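The values are calculated or read from the model by the stated rules, or taken from the named source; none is laboratory data. Computed from a predicted structure; not experimentally measured. Don't worry about glycine lacking a Cβ; one is built from the backbone with ideal geometry, like all the others, and counts go over all protein chains shown. Side chains included, ligands, DNA and RNA excluded: accessible areas come from the protein's heavy atoms. Shrake-Rupley method; radii C 1.70, N 1.55, O 1.52, S 1.80 Å.
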Amino acid sequence: MRETALSVPVKVWATACAILGVSLTANTLLTCFLALLAFCQLVFEKRWRLCLTFGVFYLALVLLLYLIRFHSLRMVVFSEFYVLMFYNLMPVFLVAWDLITTPPGQLSAALSKIHTPTPVILGLLVVFRFFPTMKAELKGIRQSMKNRRLTGPVQVLRHPAVTCEYVLVPMLLRCLQIADQLSVSAIARGAQSPGVRGSYYARKLQLADFLWMGIWAIGTILFFIIGGIK
Amino acid sequence: MENAKKWSVKDVITLVLMTVLLIVIQLGLNMVCMVNDFVSMVLSVGISMLVCGPVYFLMVNRIRKRFVSLVYMTLLGLVFLMMGNWFLLPWFIVVGIPAEIILWKGITPNRLTVSWTLSSLLYNGVNLLPIWFFWDTYYSFAVASGMEQSYIDAYVQYYTAPGWVIFILIFTVLCGFLGSLIGRKLIQKHFKKAGVL
């Protein structure tokens, strides 16, 4: 199978362009142009599922924004402010998501190529693994609380502080344990060895990578010409 | 400081893991508090300081190295930077420095309490800095989003009236202090016994 994913430097470049574009533009509504570019990148990488979920979310945001602007819809729970914020930041979300869902091996390969200190690489990889792990942990805690009949609404409402303790303490303990396990396994795999860090996953820049770098650069400049700089 | 000053892999991983947990808790509570203007503007900082106190205590107690607070605050600032409030990154670095100075000569529960209480007080900069120094940027963004005037009015009302500002400051300091007391208690009750410290 041909590799369709872009290499890490390109994704970083795209993220930088998107952040620059979103934060400097004078016309917030025009950020849909950058979002379009980001969607094109996802399509090029054949990440259909990501494209679909984010696409639906984006369309919903656009619809909400349209209703707020032209039909003075008022929201009850969710402030209008956040609709625009999410709309505005969508290009950044898209490319950043693409970046952080890169397989960790490729990420660390790219980072060690530019001589990032090992603690920083380790930290970044831990951050990316954090959310799935915590989700599983929370599920486990909920299950064990359920087994002890501690999740009923009456129990939770009558003893909110105790409930907090029941959730927080096991979660913190697990966090510490996970940190220990991770560090043991990292050291066992040579995280502290002084030599140059190599990788199985390092790959050279290909034609498509250069192409996309150019597309993002031109796209951002065009975006500034059309939308104006603040 | 009783043990070596060099950071090991274990310290780095613990620090990052706990910091991410802290940030997630803070942002999550913030989101939940959005339901009501009063809760979100007056109480939310205090509540998150209350809940995060124990986590912070555990983190510092576990690692027991210098610069833990500073790195935590810097990472927090980075998250705010990514969310578009660039001025909060330097601010959080500034917040981290007094905490480091307090803990410089060694980590004791009393010093930790002081440092967390002080951090709670300074954490209010998240809400107060925009209105004091960066109001134009913030306001234009808020208006451009078609945000209702009542929200902006409430924001101005709570953060410019001296009475409310003082109440908010006192409330957060109290919550931070309470959070650190709870942290001390939890550490004695659970974590010391479990042998993880």
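A few points about this structure:
- Any chance A:L157 is loosely packed, with under 15 Cβ neighbours inside 10 Å, among the aliphatic types (A, V, I, L, M) and at negative phi: yes
- Residues of the stretch A:211-221 that are surrounded by fewer than 17 Cβ atoms within 10 Å (Cβ to Cβ) and in contact (Cβ under 8 Å) with a residue 12 or more places away in the chain: A:A217 alone.
- B:F92 passes every criterion in (1) within 22 Å of B:F134 (Cα to Cα); (2) among the hydrophobic types (A, V, I, L, M, F, W, C); (3) open to solvent by 50 Å² or more (accessible area, probe 1.4 Å) apart from (3).
- Hits in the stretch A:172-192 (condition: buried (at least 17 other Cβ atoms within 10 Å of the Cβ) and either more than 8 Å from chain B (Cβ to nearest Cβ) or farther than 15 Å from B:V51 by Cβ (or both)): A:R174, A:L176, A:I178, A:A179, A:L182, A:S183, A:A186, A:A191
- Close pairs from the stretch A:74-97: first over 25 Å from A:R47 (Cβ atoms), partner at pLDDT below 80 and open to solvent by 30 Å² or more (accessible area, probe 1.4 Å), Cβ under 6 Å, at least 6 apart: A:E80/B:G146
- In the set A:R148, A:R74, only one residue is at the interface with chain B (Cβ under 9 Å from one of its Cβ atoms) and either open to solvent by 80 Å² or more (accessible area, probe 1.4 Å) or modelled with pLDDT of 90 or more (or both); that residue is A:R74.
- Scope the stretch B:1-45; condition touching a helix residue (DSSP H, G or I) at 6+ places or on another chain (Cβ under 6 Å) and open to solvent by 70 Å² or more (accessible area, probe 1.4 Å); matching residues: B:K10
- Residue check for A:V127: free of Cβ contacts under 8 Å to residues at least 24 places away in the same chain, assigned to a helix (DSSP H, G or I) and more than 14 Å from chain B (Cβ to nearest Cβ): no
- Filter result for B:W116 (open to solvent by 40 Å² or more (accessible area, probe 1.4 Å) and aromatic (F, W, Y)): no
- In the condition set (1) exposed (fewer than 13 other Cβ atoms within 10 Å of the Cβ); (2) assigned to a helix (DSSP H, G or I); (3) hydroxyl-bearing (S, T, Y), A:T163 is compliant with all but (1).
- Looking only at the stretch A:30-50, and only at residues there that are under 15 Å from A:T220 (Cα atoms) and open to solvent by 30 Å² or more (accessible area, probe 1.4 Å), the one that is nearest to the other protein chains (Cβ to nearest Cβ): A:L30
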